[in-house]
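Here the structure comes first, spelled out in structure tokens, and everything after it is commentary.
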């Protein structure tokens, strides 16, 4: 090979390598796949420690508690015991769902105390009490309550979040969507959103449009899939385009991804299949 051809060959090889490295650098994956423990709630109630161990064995690194705060103080184990079990299994719990009533001025200090023990960064409300929503401007009133609770939580180094179902995307009498009301009326510095991507899909909503309109407001998401027959399915076995959604993760501000399946036939097979799909997913 003469000098000219050698140089040309070297440059071509270098460009090809750069192209491969650039492609690899642009590719992302979920670093810590999480599980919403509502998926394994029945097993959890029977054997908390054993269930947590099985969740960790499936590969999960994070969990979100579901009914824990609703059962305090009668729930066993205690926050300290639960934290010990999580630590022993290499799991962290960035978030927990709490009832709307737990955000009251009377209850919130106890929630904060337990959340600190458990290591939570977020407290998430998954449903607003019906009697609140029956009132005029119910969603706006809820947003005002979220702002108040969010301010108290922020002082403790914790953020408040709200988790949606389908109803948040059903128009109110004035034509507005409840989800839009919550986003507009709540302070983005105090209230974040945990978008349930499965329920958003069922409501016919494009989450990317919300990411674009409210960047950074969605630090947590529920990863829930539905098939073409509108049946909930293991993640990756439905029709939701996860790559397209997760490519906008930085725009949305997503930090935590929690797999959830409300009523699986076999919860542990479900969490295994969903984990394996997400672990291989590149976007």
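Does residue 101 count as part of a helix (DSSP H, G or I) and modelled with pLDDT under 90?
No, not satisfied.
Can you tell me how many residues within region 118-141 are within 16 Å of the chain's Cα centre (by Cα), assigned to a loop (DSSP other than H, G, I, E, B) and surrounded by 18 or more Cβ atoms within 10 Å (Cβ to Cβ)?
Matching residues across region 118-141 total 2.
Consider region 244-278. How many of its residues are part of a helix (DSSP H, G or I), under 16 Å from the mean Cα position of the chain (by Cα), in contact (Cβ under 8 Å) with a residue 12 or more places away in the chain and surrounded by fewer than 17 Cβ atoms within 10 Å (Cβ to Cβ)?
1
Just checking, does region 11-26 include any residue being surrounded by fewer than 12 Cβ atoms within 10 Å (Cβ to Cβ) and at pLDDT 90 or above?
No, that holds for no residue.
Inside region 26-67, can you point out the residues that are in contact with a helix residue (DSSP H, G or I) (Cβ under 8 Å, 6 or more places away or on another chain), within 12 Å of residue 93 (Cβ to Cβ) and not in a loop (DSSP other than H, G, I, E, B)?
Of everything in region 26-67, those that are in contact with a helix residue (DSSP H, G or I) (Cβ under 8 Å, 6 or more places away or on another chain), within 12 Å of residue 93 (Cβ to Cβ) and not in a loop (DSSP other than H, G, I, E, B) turn out to be 35, 37, 52, 55, 63, 64, 65.
Looking at (1) touching a helix residue (DSSP H, G or I) at 6+ places or on another chain (Cβ under 7 Å); (2) over 13 Å from residue 198 (Cβ atoms), find the lone condition where residue 255 falls short.
All conditions are met except number (1).
The values are calculated or read from the model by the stated rules, or taken from the named source; none is laboratory data. Predicted, not measured: the structure shown is a model, and the values here were computed from it. Methodologically, a virtual Cβ is constructed for each residue, glycine included, from the backbone with ideal geometry; neighbour enumeration extends over all protein chains shown.
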